[in-house]
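Asker: Sharing a structure here in C-alpha coordinates format.
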Amino acid sequence: MQARLLLEDGTLFTGLSFGAEGQSAGEVVFNTGITGYQEVLSDPSYCGQIVTMTYPLIGNYGIARDDFEAVRPYIHGFVVRRHESVPSNWRAEYTLGSLLKEYGIPGISDIDTRMLTRKLRHYGTMKGMLTTGNERIEELAERLNMTTLMRDQVARTSTTSIFSSPGDRERIVLVDFGAKSGILRELTKRGCDVVVVPHDTTAEQIRRLNPDGIQLSNGPGDPKDVPYAVKMIQELLGEYPIFGICLGHQLFALACGADTAKLKFGHRGGNHPVKELSTGRCYITSQNHGYTVLEDSVNGTKLEVTHINNNDKTIEGLKHSVHPAFSVQYHPEAAPGPFDSSYLFDQFLDMIREHKRNNPQKPRQAQLAASLRGELQYAQK
(Lines give C-alpha, C1' and ligand atoms only; values in the text may rest on other atoms or scores of the structure.)
Protein backbone atom coordinates (compact mmCIF):
# COMPACT_ATOMS: atom_id res chain seq x y z
CA MET A 1 0.00 0.00 0.00
CA GLN A 2 1.17 3.52 -0.79
CA ALA A 3 1.87 6.06 1.94
CA ARG A 4 2.63 9.76 1.66
CA LEU A 5 4.36 12.29 3.90
CA LEU A 6 3.53 15.95 3.28
CA LEU A 7 5.55 18.73 4.95
CA GLU A 8 4.21 22.18 5.71
CA ASP A 9 6.50 23.72 3.06
CA GLY A 10 4.76 21.62 0.40
CA THR A 11 7.40 18.89 0.03
CA LEU A 12 5.79 15.51 -0.68
CA PHE A 13 7.37 12.10 -0.11
CA THR A 14 5.70 9.01 -1.57
CA GLY A 15 6.64 5.56 -0.32
CA LEU A 16 5.29 2.30 1.02
CA SER A 17 3.02 1.91 4.03
CA PHE A 18 3.77 -0.30 7.03
CA GLY A 19 2.10 -0.32 10.40
CA ALA A 20 -1.40 1.14 10.71
CA GLU A 21 -3.55 2.60 7.98
CA GLY A 22 -4.90 6.10 8.38
CA GLN A 23 -3.71 9.66 8.79
CA SER A 24 -1.60 11.36 11.45
CA ALA A 25 -0.06 14.81 11.87
CA GLY A 26 2.81 15.97 14.04
CA GLU A 27 6.18 17.66 14.23
CA VAL A 28 8.61 15.93 11.85
CA VAL A 29 11.99 15.28 13.53
CA PHE A 30 14.97 12.99 12.93
CA ASN A 31 16.95 10.60 15.12
CA THR A 32 20.55 9.65 14.30
CA GLY A 33 20.68 6.41 16.28
CA ILE A 34 21.99 3.30 14.51
CA THR A 35 20.17 0.99 16.93
CA GLY A 36 17.51 1.51 19.55
CA TYR A 37 14.47 2.12 17.37
CA GLN A 38 12.24 0.35 19.90
CA GLU A 39 13.44 2.66 22.66
CA VAL A 40 12.75 5.61 20.35
CA LEU A 41 9.23 4.37 19.60
CA SER A 42 8.41 3.92 23.29
CA ASP A 43 10.07 7.10 24.61
CA PRO A 44 7.24 9.40 25.82
CA SER A 45 9.36 12.42 24.87
CA TYR A 46 8.39 11.76 21.23
CA CYS A 47 4.69 12.28 21.91
CA GLY A 48 3.17 14.32 19.08
CA GLN A 49 6.09 13.80 16.69
CA ILE A 50 6.66 11.97 13.41
CA VAL A 51 10.12 10.43 13.79
CA THR A 52 12.55 9.91 10.92
CA MET A 53 15.37 7.41 11.46
CA THR A 54 18.55 8.39 9.60
CA TYR A 55 19.97 4.86 9.75
CA PRO A 56 18.76 3.18 6.54
CA LEU A 57 17.68 -0.26 7.85
CA ILE A 58 15.03 -0.40 10.58
CA GLY A 59 13.11 -3.39 11.94
CA ASN A 60 15.82 -5.99 11.40
CA TYR A 61 15.93 -7.14 15.04
CA GLY A 62 12.21 -6.92 15.72
CA ILE A 63 10.54 -5.93 18.99
CA ALA A 64 11.39 -7.40 22.42
CA ARG A 65 9.28 -7.06 25.55
CA ASP A 66 12.19 -6.02 27.78
CA ASP A 67 13.25 -3.05 25.64
CA PHE A 68 10.21 -0.81 26.13
CA GLU A 69 10.72 2.58 27.80
CA ALA A 70 6.98 3.05 28.42
CA VAL A 71 3.86 0.92 28.44
CA ARG A 72 3.04 2.00 24.88
CA PRO A 73 4.50 4.08 22.02
CA TYR A 74 3.44 7.72 21.84
CA ILE A 75 4.85 8.81 18.46
CA HIS A 76 2.49 9.96 15.71
CA GLY A 77 4.34 8.38 12.79
CA PHE A 78 7.50 6.53 11.81
CA VAL A 79 9.65 7.25 8.74
CA VAL A 80 12.41 4.90 7.51
CA ARG A 81 14.44 4.25 4.36
CA ARG A 82 14.00 0.49 4.44
CA HIS A 83 11.62 -1.45 6.65
CA GLU A 84 12.61 -5.05 7.38
CA SER A 85 9.39 -6.98 7.86
CA VAL A 86 11.08 -10.30 8.82
CA PRO A 87 13.42 -9.72 11.80
CA SER A 88 16.36 -11.98 12.61
CA ASN A 89 16.89 -11.96 16.37
CA TRP A 90 16.30 -14.67 18.97
CA ARG A 91 14.90 -12.04 21.37
CA ALA A 92 12.27 -10.76 18.94
CA GLU A 93 8.67 -11.45 19.99
CA TYR A 94 6.94 -9.61 17.18
CA THR A 95 7.68 -7.25 14.30
CA LEU A 96 7.99 -3.50 14.08
CA GLY A 97 5.02 -3.34 11.73
CA SER A 98 2.76 -5.30 14.08
CA LEU A 99 3.66 -2.97 16.99
CA LEU A 100 2.72 0.12 14.98
CA LYS A 101 -0.47 -1.50 13.76
CA GLU A 102 -1.50 -2.46 17.30
CA TYR A 103 -1.32 1.17 18.45
CA GLY A 104 -2.67 2.82 15.31
CA ILE A 105 0.61 4.43 14.26
CA PRO A 106 1.27 4.81 10.50
CA GLY A 107 4.70 4.19 9.04
CA ILE A 108 6.29 5.01 5.68
CA SER A 109 9.33 3.37 4.06
CA ASP A 110 11.22 3.56 0.77
CA ILE A 111 11.63 7.32 0.74
CA ASP A 112 14.83 9.41 0.63
CA THR A 113 15.42 9.91 4.37
CA ARG A 114 18.76 11.61 3.67
CA MET A 115 17.01 14.32 1.67
CA LEU A 116 14.36 14.68 4.40
CA THR A 117 17.01 14.94 7.12
CA ARG A 118 19.00 17.54 5.20
CA LYS A 119 15.85 19.61 4.75
CA LEU A 120 15.07 19.47 8.48
CA ARG A 121 18.64 20.38 9.35
CA HIS A 122 18.59 23.34 6.97
CA TYR A 123 15.10 24.72 7.61
CA GLY A 124 14.37 23.27 11.04
CA THR A 125 11.68 20.86 12.20
CA MET A 126 8.25 21.44 10.70
CA LYS A 127 4.71 20.15 10.72
CA GLY A 128 3.94 17.12 8.62
CA MET A 129 1.11 14.77 7.77
CA LEU A 130 1.54 11.05 7.17
CA THR A 131 -1.32 9.30 5.37
CA THR A 132 -2.20 6.05 3.63
CA GLY A 133 -5.35 7.54 2.06
CA ASN A 134 -6.01 8.81 -1.46
CA GLU A 135 -6.83 12.42 -0.62
CA ARG A 136 -5.82 15.11 -3.09
CA ILE A 137 -2.62 16.98 -2.20
CA GLU A 138 -4.55 20.26 -1.95
CA GLU A 139 -6.90 18.69 0.58
CA LEU A 140 -4.00 17.29 2.63
CA ALA A 141 -2.21 20.64 2.55
CA GLU A 142 -5.32 22.48 3.75
CA ARG A 143 -5.84 19.98 6.56
CA LEU A 144 -2.18 20.21 7.58
CA ASN A 145 -2.31 23.99 7.54
CA MET A 146 -5.28 23.92 9.93
CA THR A 147 -3.51 21.49 12.29
CA THR A 148 -1.88 22.88 15.43
CA LEU A 149 0.92 21.07 17.21
CA MET A 150 0.12 19.56 20.61
CA ARG A 151 0.82 21.50 23.80
CA ASP A 152 -0.45 18.99 26.38
CA GLN A 153 1.99 16.13 25.80
CA VAL A 154 3.11 15.99 29.43
CA ALA A 155 -0.45 15.41 30.64
CA ARG A 156 -0.93 12.74 27.96
CA THR A 157 2.18 10.75 28.92
CA SER A 158 2.41 11.17 32.71
CA THR A 159 0.98 8.68 35.16
CA THR A 160 -2.40 9.71 36.55
CA SER A 161 -1.94 8.11 39.96
CA ILE A 162 0.80 7.61 42.54
CA PHE A 163 2.55 4.23 42.60
CA SER A 164 5.66 2.91 44.30
CA SER A 165 8.62 0.67 43.62
CA PRO A 166 9.68 -0.33 47.15
CA GLY A 167 13.28 -0.37 48.30
CA ASP A 168 15.18 -0.31 51.58
CA ARG A 169 17.36 2.76 51.02
CA GLU A 170 16.68 6.43 50.22
CA ARG A 171 13.13 7.41 49.34
CA ILE A 172 13.03 9.19 45.99
CA VAL A 173 9.96 10.95 44.65
CA LEU A 174 10.11 10.61 40.86
CA VAL A 175 7.97 13.32 39.26
CA ASP A 176 6.68 11.80 36.04
CA PHE A 177 6.56 14.32 33.17
CA GLY A 178 6.67 11.42 30.70
CA ALA A 179 9.38 9.34 32.36
CA LYS A 180 11.33 6.59 30.66
CA SER A 181 11.39 3.31 32.55
CA GLY A 182 15.19 3.46 32.53
CA ILE A 183 15.16 6.18 35.19
CA LEU A 184 13.09 4.04 37.53
CA ARG A 185 15.33 1.08 36.72
CA GLU A 186 18.51 2.97 37.69
CA LEU A 187 17.03 4.13 40.98
CA THR A 188 15.62 0.75 41.99
CA LYS A 189 18.91 -0.92 41.01
CA ARG A 190 20.50 1.18 43.74
CA GLY A 191 17.95 0.03 46.32
CA CYS A 192 15.97 3.28 46.37
CA ASP A 193 12.41 3.36 47.65
CA VAL A 194 10.85 5.12 44.65
CA VAL A 195 7.45 6.81 44.68
CA VAL A 196 6.29 7.90 41.22
CA VAL A 197 3.90 10.86 41.19
CA PRO A 198 1.90 12.63 38.43
CA HIS A 199 3.20 15.71 36.64
CA ASP A 200 0.87 18.11 38.47
CA THR A 201 1.69 16.97 42.01
CA THR A 202 2.10 19.97 44.31
CA ALA A 203 4.99 20.71 46.64
CA GLU A 204 2.82 20.05 49.69
CA GLN A 205 1.74 16.66 48.34
CA ILE A 206 5.39 15.75 47.80
CA ARG A 207 6.29 16.82 51.34
CA ARG A 208 3.67 14.45 52.71
CA LEU A 209 5.52 11.56 51.06
CA ASN A 210 8.55 12.37 53.26
CA PRO A 211 11.17 12.01 50.49
CA ASP A 212 14.94 12.08 50.83
CA GLY A 213 15.33 13.44 47.31
CA ILE A 214 13.35 14.44 44.22
CA GLN A 215 13.97 13.17 40.68
CA LEU A 216 12.58 15.31 37.84
CA SER A 217 12.02 13.09 34.80
CA ASN A 218 12.29 13.63 31.10
CA GLY A 219 9.20 14.42 29.07
CA PRO A 220 7.86 15.84 25.81
CA GLY A 221 7.26 19.35 24.57
CA ASP A 222 8.00 22.91 25.68
CA PRO A 223 8.93 23.30 29.38
CA LYS A 224 6.98 26.56 29.46
CA ASP A 225 3.78 24.59 28.89
CA VAL A 226 4.03 23.20 32.46
CA PRO A 227 4.40 26.32 34.66
CA TYR A 228 2.89 24.52 37.66
CA ALA A 229 5.95 22.24 37.70
CA VAL A 230 8.24 25.28 37.82
CA LYS A 231 6.31 26.57 40.85
CA MET A 232 6.60 23.18 42.57
CA ILE A 233 10.38 23.09 42.05
CA GLN A 234 10.79 26.65 43.35
CA GLU A 235 8.97 25.73 46.56
CA LEU A 236 11.04 22.60 47.19
CA LEU A 237 14.46 23.91 46.09
CA GLY A 238 16.81 23.81 49.07
CA GLU A 239 14.41 21.70 51.10
CA TYR A 240 15.28 18.44 49.32
CA PRO A 241 18.11 17.44 46.95
CA ILE A 242 16.90 17.59 43.32
CA PHE A 243 18.16 15.88 40.15
CA GLY A 244 16.62 16.81 36.79
CA ILE A 245 16.90 14.96 33.48
CA CYS A 246 16.04 16.39 30.03
CA LEU A 247 12.69 18.21 30.49
CA GLY A 248 13.41 18.09 34.23
CA HIS A 249 16.68 19.93 33.49
CA GLN A 250 14.83 22.68 31.62
CA LEU A 251 12.18 23.02 34.35
CA PHE A 252 14.92 23.24 36.99
CA ALA A 253 16.57 26.04 34.98
CA LEU A 254 13.29 27.95 34.68
CA ALA A 255 12.67 27.56 38.40
CA CYS A 256 16.06 29.16 39.09
CA GLY A 257 15.43 32.17 36.85
CA ALA A 258 17.05 31.04 33.59
CA ASP A 259 15.25 30.85 30.23
CA THR A 260 14.71 28.24 27.52
CA ALA A 261 14.21 28.38 23.75
CA LYS A 262 13.46 26.01 20.89
CA LEU A 263 16.39 24.57 18.93
CA LYS A 264 16.36 24.60 15.15
CA PHE A 265 16.20 20.80 14.82
CA GLY A 266 16.96 19.51 18.29
CA HIS A 267 19.24 16.75 19.56
CA ARG A 268 17.94 13.22 19.00
CA GLY A 269 20.18 10.16 18.92
CA GLY A 270 22.66 8.08 20.87
CA ASN A 271 25.87 9.72 19.69
CA HIS A 272 25.98 13.28 21.07
CA PRO A 273 29.33 14.33 22.61
CA VAL A 274 29.09 16.18 25.93
CA LYS A 275 32.02 17.75 27.76
CA GLU A 276 32.16 17.77 31.56
CA LEU A 277 33.79 21.12 32.37
CA SER A 278 35.28 20.11 35.74
CA THR A 279 37.30 17.23 34.28
CA GLY A 280 37.48 17.99 30.55
CA ARG A 281 36.22 14.49 29.87
CA CYS A 282 33.92 13.89 26.89
CA TYR A 283 30.93 11.55 27.22
CA ILE A 284 28.94 10.09 24.34
CA THR A 285 25.33 10.59 25.36
CA SER A 286 21.80 9.71 24.35
CA GLN A 287 19.56 12.73 23.79
CA ASN A 288 16.02 13.55 22.77
CA HIS A 289 14.91 17.16 23.10
CA GLY A 290 13.89 20.15 21.03
CA TYR A 291 14.52 22.88 23.62
CA THR A 292 17.61 24.18 25.39
CA VAL A 293 18.58 26.44 28.29
CA LEU A 294 19.87 29.77 26.97
CA GLU A 295 23.46 30.41 28.01
CA ASP A 296 23.05 34.16 28.53
CA SER A 297 20.03 33.63 30.78
CA VAL A 298 22.13 31.69 33.32
CA ASN A 299 24.12 34.85 34.10
CA GLY A 300 22.74 36.53 37.20
CA THR A 301 21.23 33.31 38.57
CA LYS A 302 22.71 30.97 41.15
CA LEU A 303 23.22 28.31 38.50
CA GLU A 304 26.59 27.08 37.26
CA VAL A 305 27.14 25.36 33.91
CA THR A 306 28.69 21.89 34.40
CA HIS A 307 28.43 20.35 30.91
CA ILE A 308 28.32 21.63 27.33
CA ASN A 309 27.55 20.03 23.98
CA ASN A 310 30.72 19.60 21.95
CA ASN A 311 28.84 20.05 18.66
CA ASP A 312 26.97 23.32 19.16
CA LYS A 313 28.17 24.40 22.66
CA THR A 314 24.64 24.44 24.12
CA ILE A 315 24.22 23.84 27.86
CA GLU A 316 24.07 20.16 28.83
CA GLY A 317 24.36 20.36 32.61
CA LEU A 318 23.68 22.75 35.50
CA LYS A 319 24.13 22.82 39.27
CA HIS A 320 22.91 25.20 41.95
CA SER A 321 25.68 27.08 43.72
CA VAL A 322 23.84 27.15 47.06
CA HIS A 323 21.31 24.33 47.24
CA PRO A 324 21.85 20.58 46.61
CA ALA A 325 20.43 20.42 43.10
CA PHE A 326 21.74 19.65 39.62
CA SER A 327 20.51 18.57 36.21
CA VAL A 328 21.59 17.29 32.81
CA GLN A 329 20.02 17.71 29.39
CA TYR A 330 20.95 14.22 28.21
CA HIS A 331 19.80 10.76 29.36
CA PRO A 332 22.23 9.09 31.80
CA GLU A 333 19.88 6.08 32.05
CA ALA A 334 19.99 5.40 28.30
CA ALA A 335 23.58 4.09 28.43
CA PRO A 336 24.86 4.48 24.85
CA GLY A 337 28.45 4.13 26.10
CA PRO A 338 27.01 1.86 27.59
CA PHE A 339 27.31 2.93 31.24
CA ASP A 340 29.55 6.01 31.23
CA SER A 341 26.90 8.49 32.50
CA SER A 342 25.18 6.32 35.11
CA TYR A 343 27.52 7.77 37.76
CA LEU A 344 25.14 10.74 37.93
CA PHE A 345 22.62 8.62 39.86
CA ASP A 346 25.36 7.73 42.36
CA GLN A 347 26.24 11.43 42.58
CA PHE A 348 22.59 12.19 43.34
CA LEU A 349 22.50 9.64 46.17
CA ASP A 350 25.79 10.97 47.58
CA MET A 351 24.26 14.45 47.55
CA ILE A 352 21.22 13.16 49.45
CA ARG A 353 23.37 11.51 52.11
CA GLU A 354 25.49 14.63 52.56
CA HIS A 355 22.37 16.76 52.84
CA LYS A 356 20.96 14.47 55.54
CA ARG A 357 24.25 14.59 57.49
CA ASN A 358 24.25 18.39 57.37
CA ASN A 359 20.54 18.65 58.17
CA PRO A 360 19.74 15.95 60.76
CA GLN A 361 16.04 15.36 61.24
CA LYS A 362 14.33 14.95 64.59
CA PRO A 363 13.35 11.34 65.32
CA ARG A 364 9.89 10.56 63.97
CA GLN A 365 8.56 10.00 67.50
CA ALA A 366 9.76 13.47 68.55
CA GLN A 367 8.09 15.00 65.50
CA LEU A 368 4.80 13.32 66.34
CA ALA A 369 5.02 14.42 69.97
CA ALA A 370 5.72 18.01 68.94
CA SER A 371 2.82 17.91 66.53
CA LEU A 372 0.54 16.55 69.22
CA ARG A 373 1.60 19.27 71.68
CA GLY A 374 0.79 21.88 69.05
CA GLU A 375 -2.66 20.40 68.51
CA LEU A 376 -3.33 20.34 72.27
CA GLN A 377 -2.28 23.97 72.64
CA TYR A 378 -4.53 24.93 69.74
CA ALA A 379 -7.48 23.03 71.31
CA GLN A 380 -6.92 24.76 74.69
CA LYS A 381 -7.15 28.16 73.04
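The values are calculated or read from the model by the stated rules, or taken from the named source; none is laboratory data. A quick note: this is a predicted structure, and the numbers were derived from the prediction, not measured. Note that we place each Cβ from the backbone using ideal geometry, even for glycine, and neighbour counts take in every protein chain shown. For accessibility, only protein heavy atoms count, side chains too; no ligands or nucleic acids. Shrake-Rupley method; radii C 1.70, N 1.55, O 1.52, S 1.80 Å.
Asker: Could you please give the count of residues in segment 301-346 that are over 20 Å from the mean Cα position of the chain (by Cα), outside any loop (DSSP other than H, G, I, E, B) and free of Cβ contacts under 8 Å to residues at least 24 places away in the same chain?
Answerer: 1
Asker: Kindly list the number of the only condition in (1) free of Cβ contacts under 8 Å to residues at least 24 places away in the same chain; (2) at positive phi that fails for residue 208.
Answerer: The failed condition is (2).
Asker: In addition: Take the residues in segment 290-300 that are hydrophobic (A, V, I, L, M, F, W, C) and within 21 Å of the chain's Cα centre (by Cα); name whichever of them is most open to solvent (accessible area, probe 1.4 Å).
Answerer: 294
Asker: Next question. Any residue in segment 93-112 that's at positive phi: show its pairings with residues that are hydrophobic (A, V, I, L, M, F, W, C) and not in a helix (DSSP H, G or I) at Cβ separation under 8 Å, as long as the two are six or more apart or on different chains.
Answerer: Cβ pairs passing all conditions: 104/20; 110/16.
Asker: Can you find a residue that is under 25 Å from residue 8 (Cβ atoms), part of a loop (DSSP other than H, G, I, E, B) and not acidic (Asp, Glu) anywhere in segment 57-72?
Answerer: Looking through segment 57-72, none of the residues is under 25 Å from residue 8 (Cβ atoms), part of a loop (DSSP other than H, G, I, E, B) and not acidic (Asp, Glu).
Asker: Then there's this: I'm trying to understand the selection: among the residues of segment 58-73, which are in contact with a Pro (Cβ under 7 Å, 6 or more places away or on another chain) and either closer than 7 Å to residue 42 by Cβ or of a type in the set (A, V, I, L, M) (or both)?
Answerer: Hit for segment 58-73 is 70, nothing else.
Asker: Hey, another quick one. Against the condition surrounded by 19 or more Cβ atoms within 10 Å (Cβ to Cβ), at pLDDT below 95 and in a strand (DSSP E or B), how does residue 270 come out, does it pass?
Answerer: When the stated conditions are applied, residue 270 passes them.
Asker: Tell me, please, whether a residue that is at pLDDT below 95, open to solvent by less than 60 Å² (accessible area, probe 1.4 Å), under 30 Å from residue 251 (Cβ atoms) and touching a Gly at 6+ places or on another chain (Cβ under 8 Å) can be found in segment 114-137.
Answerer: no
Asker: Among (1) part of a helix (DSSP H, G or I); (2) under 25 Å from residue 66 (Cβ atoms); (3) open to solvent by 10 Å² or more (accessible area, probe 1.4 Å), which single condition is residue 182 missing?
Answerer: (3)
Asker: Also: I'd like the full set of residues that are touching a Leu at 6+ places or on another chain (Cβ under 9 Å), open to solvent by 10 Å² or more (accessible area, probe 1.4 Å) and either closer than 20 Å to residue 250 by Cβ or assigned to a strand (DSSP E or B) (or both), limited to segment 159-175.
Answerer: 165, 171
Asker: Name the pairs: first residue in segment 245-271 and under 10 Å from residue 218 (Cα atoms), second residue of a type in the set (Phe, Trp, Tyr) and open to solvent by 10 Å² or more (accessible area, probe 1.4 Å), Cβ to Cβ under 7 Å, at least 6 apart or on different chains?
Answerer: Short answer, once both residue conditions are applied: 250/291.
Asker: Considering 144, 187, 149, 140, which residue is crowded, with 17+ Cβ neighbours inside 10 Å and under 25 Å from residue 251 (Cα atoms)?
Answerer: On inspection, the qualifying residue turns out to be 187.
Asker: So, in segment 185-243, exactly how many residues are among the β-branched types (Val, Ile, Thr), farther than 17 Å from residue 160 by Cβ and assigned to a helix (DSSP H, G or I)?
Answerer: The number of residues fulfilling the criteria is 3.
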